[in-house]
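Structure first, commentary second.
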Amino acid sequence: MMRIWIITSVATMVLLPQLAVAQDMPYDPAATQSCLAEMADTDMENTNVCVGRSAEQCADASVGGFSTRSMTACMSAEYGLFDEMLNVEYAKVRGLAADLDKQVNGTSFDDVSMGDRLVQMQRAWIAYRDATCAYERRQFDGGTIGELVYIDCLTTLTADQAFRLQNSVLGL
Amino acid sequence: MLRVGFMLALMLAPVTAIGQPLKVSETMIRTCAAQTPYAVAQPTCAGDAANICQALPGGSTTTGIVECLRAETDIWDAMLNEEYGKARTTFDRIGGEDLKIRLRDAQRAWIAFRDAECTMRYHQWIGGTIRTVVGANCHLQMTANRAIALRDLARNEP
């Protein structure tokens, strides 16, 4: 858990040195959060439509208006929101996996615990996320659009994984 | 070839009450993909064809349900391969070898993720027969997700 948190946080810092000094970036997570709250009651399967709501509002409200630059800064903040959500959901599933491991102690068909399987899955996800987003950035050849595509990719995949963990908490 | 395929189909077909193999509608699954809008991660109609298949004779047993899920997964997997091939062709034109290698690496990483995810889910239910249904459903949903993602990636052409 800690390890994953560190990995993603380091990724954020390396990626977004400008974020710390970004001035007047009017990012407010409310739009995305209220969308998520609404979808949780009505349409749990399609929560991904909420991803980027606050970032778009933020870019529109930025000094100089909507641009690749403002959208990249705003999407970076949105990434932070979903990275945090992923860590919260992961911690929940980690707790449930530990409970399950206690229940089936000694009756499991093999020696791998649910906790270990969860860690393996999450590591595989991180490798998949990194390979996918590296490739998407390369598709746009590292320019300013490439940076936006990259942070958008990270945000989308991170949100997907947070929702996957949330919706499937040791269920179907 | 046709003959071999036919014999294989006979050998692999699950034995049902009336001896009919469990089938899914390929048209229905391809329509589902076509109707899934750009940038929608999870096609909500994925699994519909398997559900219909489960209403066929023999389709509602655990074996039948899994057979139906796998039949639908095979169609999504074929579409995934088609989209992957299209992406490679596009990158031949715009990005060359480096981009193709990155795409291949990403696809390999996805396969490892899919396996880790679905193995984990299977093992959550290790004590019951439902585990095979959970595992097969995981493969179906993840394959559908990836087929759409690859389709959309190729549309991101700069």
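The values are calculated or read from the model by the stated rules, or taken from the named source; none is laboratory data. Keep in mind the model is a prediction, meaning the values are calculated, not measured. Neighbour counts run over all protein chains shown; Cβ positions are idealised from the backbone, glycine included. Please note that ligands, DNA and RNA were not included when accessible areas were found on the heavy atoms of the full protein model with its side chains. Shrake-Rupley method; radii C 1.70, N 1.55, O 1.52, S 1.80 Å.
Plugging the Kirkwood radius over Cα pairs into Stokes-Einstein for segment B:32-111, at a temperature of 4 °C and a viscosity of 1.567 mPa s, what D comes out in µm²/s? Stokes-Einstein gives a translational diffusion coefficient of 88 µm²/s. Coupling constants for segment B:70-75 follow from the phi torsions by the Karplus curve (6.51 cos²θ - 1.76 cosθ + 1.60, θ = phi - 60°), and in residue order they are 5, 4, 5, 4, 4, 5 Hz; glycine and proline get x.
Legend: mean number of C-beta atoms from other chains within 10 angstrom of residue C-beta atoms, peptide B:97-106, equals 4.
The label-point distance for A:Asp99 and B:Thr61, in a model that sets each label 7 Å from Cα toward Cβ, rounds to 3.5 nm.
For B:Glu97, B:Glu67, write out the residues from largest to smallest accessible area, computed with a 1.4 angstrom probe and no ligands counted.
Working: B:Glu97 115, B:Glu67 55 Å².
The ranking, largest first, comes out as B:Glu97, B:Glu67.
May I ask you to compute the full-extension gain from A:Ala134 to A:Glu38, defined as 0.36 nm times their residue separation minus their alpha-carbon distance, rounded to one decimal in nm?
Length gained, A:Ala134 through A:Glu38: 31.3 nm.
For an R0 of 22 angstrom, estimate the FRET efficiency from the Cβ-Cβ distance between B:Ala39 and A:Glu56 and round to the nearest 0.05.
0.95
Each Lys and Arg Cβ is given +1 and each Asp and Glu Cβ -1; about its Cα centre, segment A:61-172 then shows a dipole of about 60 debye.
Counting only Cα atoms, the size of segment B:2-155 along its three principal axes is 53, 39, 30 Å, in decreasing order.
Each residue of segment A:93-98 was assigned a 3J(HN,Hα) from its phi angle through the Karplus curve 6.51 cos²θ - 1.76 cosθ + 1.60 (θ = phi - 60°); the sequence is 5, 4, x, 5, 5, 5 Hz, with glycine and proline shown as x.
Other protein chain C-beta atoms within 10 Å of residue C-beta, averaged over B:120-130: 5.
Peptide A:44-51 has a mean of 2 when you count, residue by residue, the C-beta atoms of other protein chains within 10 Å of its C-beta. You can think of it this way: the chain between B:Ile126 and B:Glu82 has 12.4 nm of extra reach, that is 0.36 nm per residue less the Cα-Cα gap. Report note on the peptides B:22-28, A:134-140, B:100-106: ranked by the mean count of other C-beta atoms within 10 Å, highest first, their order is A:134-140, B:100-106, B:22-28.
With the whole protein complex present, B:Thr31 retains an accessible surface near 60 Å², based on a 1.4 Å probe. Surface listing: A:Phe82, A:Phe66 arranged by accessible area from highest to lowest gives A:Phe66, A:Phe82, probe 1.4 Å.
Ranked by the mean number of other Cβ atoms within 10 Å of their residues, highest first, the peptides B:139-146, A:25-32 fall in the order B:139-146, A:25-32. Packing, as the average of other Cβ atoms within 10 Å across residues, places the peptides B:74-83, A:37-46 in the order B:74-83, A:37-46, highest first. A:Cys74 exposes around 0 Å² of accessible area when a 1.4 Å probe is run over every protein chain in place.
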